[in-house]
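This is the structure, below, for whatever I ask next.
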Amino acid sequence: MTDKPSLPPTRQMRLEALLVRWLVALFRRIGPVRASNLGGWLCRTVGPRLPVSRIADANLRMVMPELDAGARQRIIRDMWDNIGRNAGEFPHLSTLPHNPASGPGWDVVGEEHLRAQAARGGPTIFVSGHIGNWEMLPPAVARYGLPFSSFYRAPNNPLVDTILRDLRDQAMGQPVPLFAKGAHGARGALAHILRGGHLGMLVDQKMNDGVAARFFGLPAMTAGAMAAMAIKLRCPVIPGYVERLGPARLRIHVHPPLDLPASGNRAQDQMNLTQMVNDWLESTIRQYPGSWLWLHRRWNEQVTNKVPNN
């Protein structure tokens with residue numbers, strides 16, 4: 001069965017792609033630090049005024065009620081600043097230096113865990129969230145011999161999608177398979193893991209058909225594919241995140257592999273591992289609240305009765 005032919009791009013799509021190409025060219029021309037500063041200024045100036053920022057404020061009021069209005073607004077401003085800096089830095093990820101003495105670049109805390117996993121070989125699952133410049137994780141980990149594939153939701157504009165995928169491939173130094181979110185993508189990811197591949201997953205977004213785990217003490221539908229694959233195959237699950245140190249200056253934190261539950265009850269083990277990752281994400285976000293993407297409707301109080309008490 002062949003895929004349906006894609007429709008030709010609309011005029012609006014072509015204009016959007018032209019704007020994205022212009023921004024990429026501009027960011028490349030002015031260098032990583034100035035591009036980061038420009039992107040940060042644009043987004044922190046405009047973003048807090050957008051209606052979507054009300055979702056961020058509602059999320060903060062719900063899960064961090066100790067914050068007053070001023071503290072919430074500072075976090076939202078910092079969040080938009082980080083989003084803009086990510087955009088400005090994106091075209092430079094392939095050229096940012098590793099372990100710079102000063103200035104732009106990236107380094108790794110916990111690189112011994114990457115070296116050990118590369119030496120062991122076999123499949124690996126890397127878990128993270130939309131923290132700092134999360135786009136730096138794949139190219140950084142690839143430098144240690146562990147290029148990983150990811151789940152991916154393509155933009156509605158296929159021309160923009162091509163631009164972004166080309167930039168990601170340049171940063172990785174090689175093309176890697178990407179898997180669409182959903183059942184079909186999950187099957188492809190499982191096959192990739194079974195072949196000994198590596199998979200990266202951002203597991204901090206709401207997944208309506210996921211499992212009900214707690215996040216910031218509240219029920220949150222969470223993707224269960226990570227835990228299902230890890231428990232079934234007993235493959236390492238390595239958490240990590242990106243800390244922003246400054247304009248185009250990033251630090252990747254890599255943690256040791258998690259201790260996988262092994263009670264013999266597969267369903268309970270999967271739930272425990274999912275909760276373990278949510279707890280780790282929460283502690284990291286609390287440490288860097290202005291670096292997380294608060295714009296999603298992450299929580300659903302209607303599933304409270306489905307959440308285990310332990």
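The values are calculated or read from the model by the stated rules, or taken from the named source; none is laboratory data. These numbers were taken from a predicted model, which means no experiment stands behind them. Note that we place each Cβ from the backbone using ideal geometry, even for glycine, and neighbour counts take in every protein chain shown.
Across the stretch 155-175, which residue is surrounded by the fewest Cβ atoms within 10 Å (Cβ to Cβ) among those that are in a loop (DSSP other than H, G, I, E, B) and at pLDDT 85 or above?
ASN156
Which residues, taken from the stretch 140-150, are surrounded by fewer than 23 Cβ atoms within 10 Å (Cβ to Cβ) and within 20 Å of ASP204 (Cβ to Cβ)?
PHE148, SER149, SER150
Would you check if ARG44 is within 27 Å of LEU159 (Cα to Cα), in a helix (DSSP H, G or I) and either in contact with a strand residue (DSSP E or B) (Cβ under 6 Å, 6 or more places away or on another chain) or not acidic (Asp, Glu) (or both)?
yes
Being in contact with a His (Cβ under 9 Å, 6 or more places away or on another chain), closer than 23 Å to MET276 by Cβ and either modelled with pLDDT under 95 or not in a strand (DSSP E or B) (or both) is the filter here; which residues of the stretch 104-121 pass it?
Passing the criteria: GLY110, HIS113, GLN117.
Regarding GLU66, is this residue out of contact with any helix residue (DSSP H, G or I) (no Cβ under 6 Å at 6 or more places or on another chain), of a type in the set (D, E, K, R), free of Cβ contacts under 8 Å to residues at least 60 places away in the same chain and assigned to a loop (DSSP other than H, G, I, E, B)?
yes
Also: Checking VAL211 against (1) of a type in the set (A, V, I, L, M, F, W, C); (2) crowded, with 18+ Cβ neighbours inside 10 Å; (3) modelled with pLDDT of 95 or more, only one condition comes out false. Which one?
Here VAL211 clears every test but (3).
Could you check GLN205 against (1) surrounded by 15 or more Cβ atoms within 10 Å (Cβ to Cβ); (2) over 16 Å from the mean Cα position of the chain (by Cα) and say which number it fails?
Here GLN205 meets the rest and fails (2).
Here's a follow-up. Could you please let me know if ILE285 is in contact with a helix residue (DSSP H, G or I) (Cβ under 6 Å, 6 or more places away or on another chain) and buried (at least 21 other Cβ atoms within 10 Å of the Cβ)? Working first, answer last.
Values: in contact with a helix residue (DSSP H, G or I) (Cβ under 6 Å, 6 or more places away or on another chain): no; buried (at least 21 other Cβ atoms within 10 Å of the Cβ): yes.
Here the answer is no, as ILE285 does not meet what is asked.
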